[in-house]
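Taking it in order: structure first as structure tokens, then the write-up.
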Amino acid sequence: MLTQLVATSFVDILTYIGYILLAVCVLLLMITIHELGHYTAGKIFKFKIDEFSIGFGKAIYKKTKKNGEVFSIRILPLGGYCAFAGEDSAETKEGDFNSKPPWQRLIVQFSGVLFNFISAILFTIILLVSFGYDIPKVTEIDANGINAHLQVGDVITQVDGVEIDFYGGDTFNALLTENIDSQSVPILVERDGQEIQTYLNIETVEQDGTTYFNLGISVAPTPQSLWTAMARAVPVTLEMAWQVIYFLFMLITGQVSLSGVTGPISTITTIASYSEESIANLFVFLPFIAVNLAVFNILPIPSLDGARMVFTTIEWIRGKPINRRIEGYIHFWGLIVLLVFVVLIDLIHFLI
């Protein structure tokens, strides 16, 4: 019995480690997509690239191409970089980053964010086509239940006139909760290609201080057609971006605490835990992480793309750059402070 228990625990540990590795791969994928944006734009405008790196710290893999570009994978999966020749140098040589026109540099600096946003749209399409996730479809009906008038296959798209939208916060359960005091709520369903206005009877059950819905039906996410998913992908992604921006506003104004902010380690463990529950959860995280990375990098924080774009814009307006050495120090120390901050954030999460 003890041997079986130990064996089961060992298997569970190995399984969770597998999900941790999967989560690390997801984070590295997002970083690679971001840096690939810089790299692609740099190649288009013929910028000289010194190194394309995934991760920070000591290199565990390194390969040098014939043109001198170095591709490396480093030990800490906390970020990455596409190093352009002379980017933080006070001296400018022909072909260096700072020898290029400001408008080209701005495009290169913005392309990482752009690639993350495009990837978020693509991941959203995959999610909606593969799992649907937010739009419930009736899969089972209690013949003697309170909603026996519904049919298996009915797709519920609206509750009380509000479109069901997971990323906007208007989930099926959230909309039901808003109507918790109602015995019946109007709904819109799609049935055999037609939209039908009907109603959903609501019965609530109290158990251990928690309110449960007893609807007499079972629902499951319904995958959407490719065209529907493509039509929804951009609005859904924009909604996610707005949610991130709104959270940052709430954070800056003190309306939410730092407990809602996660570092890379906390993000990895969260992805692993949710992926272990359901692989569909992983596909929910993909577009959300991509959008978070896009919004975060556009912020005017030293060492991030947003701050570099600010310096390039000032140079374009002034006709001359701010002292390159000073800018380099600002970005260097900004990166140090940022790394310390994310480590502290993770420590706070583990200590709480």
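What follows draws every value from the coordinates through simple rules; no lab data is involved. Bear in mind the structure is a predicted one, so any value in this text is a computation, not a measurement. Cβ: placed from backbone, ideal geometry, glycine included. Neighbour counts: every protein chain shown.
Which GluC sites (Glu not before Pro) does the stretch 36-144 hold that lie in a coil by DSSP with at most 12 other beta carbons within 10 Å?
Values: sites: 51, 69, 87, 91, 94, 140; in loops: 69, 87, 91, 94.
Passing sites in the stretch 36-144 are 91, 94.
Of the labelled options [x] 166; [y] 211; [z] 289, which one gives volume of the Cα convex hull per residue in Å³ as computed for this structure? Read-out taken from this structure: [y]. Mean separation of Cα pairs under 8 Å and 6 or more residues apart, divided by the residue count, gives the stretch 136-222 a relative contact order of 36 percent.
Shown here: the stretch 16-93, whose C-alpha atoms stretch 50, 26, 23 Å along the first, second and third principal axes, sorted largest to smallest.
Phi-derived couplings, Karplus 6.51 cos²θ - 1.76 cosθ + 1.60 at θ = phi - 60°, listed residue by residue for the stretch 91-108: 9, 10, 10, 4, x, 5, 3, 7, 7, 7, x, x, 5, 5, 5, 4, 5, 4 Hz, with x used for Gly and Pro. For residue 165, the amide hydrogen comes within under 5 Å of the amide hydrogens of 170, 171, counting only partners 5 or more places away or on other chains and with H modelled in the peptide plane. DSSP finds beta bridges in the chain, and of those with both partners inside it, around 90 percent are antiparallel. Residues whose amide H comes within less than 5 Å of that of residue 187, counting only those at least five positions distant or on another chain, are 160, 198, 199, 200 (H built at 1.01 Å from N in the peptide plane).
The string of couplings for the stretch 133-139 from the Karplus curve (6.51, -1.76, 1.60, θ = phi - 60°) is 6, 9, 9, x, 10, 5, 10 Hz, one whole number per residue in order, with x for Gly and Pro.
By DSSP, the beta bridges lying fully in the stretch 42-196 are antiparallel in about 85 percent of cases. Per-residue 3J(HN,Hα) values for the stretch 48-60, derived from phi via the Karplus relation 6.51 cos²θ - 1.76 cosθ + 1.60 with θ = phi - 60°, read 7, 10, 7, 8, 10, 10, 10, x, 10, x, 5, 6, 9 Hz in sequence order (x marks Gly and Pro). From least to most packed, judged by other beta carbons within 10 angstrom and beginning with the fewest, 149, 331 follow the order 149, 331. Separation of the stretch 199-213 and the stretch 68-97, taken as the distance between their Cα centroids, equals 58 angstrom.
So what's the net charge close to residue 116: Lys and Arg +1, Asp and Glu -1, counting the other residues with Cβ under 11 Å from its Cβ?
Values: positive: none; negative: 35, 305.
Within the 11 Å Cβ shell, the charges total -2.
Scanning the chain for trypsin sites (Lys or Arg not before Pro) in DSSP loops with at most 12 neighbouring Cβ atoms within 10 Å leaves 94-352 as the longest stretch between them.
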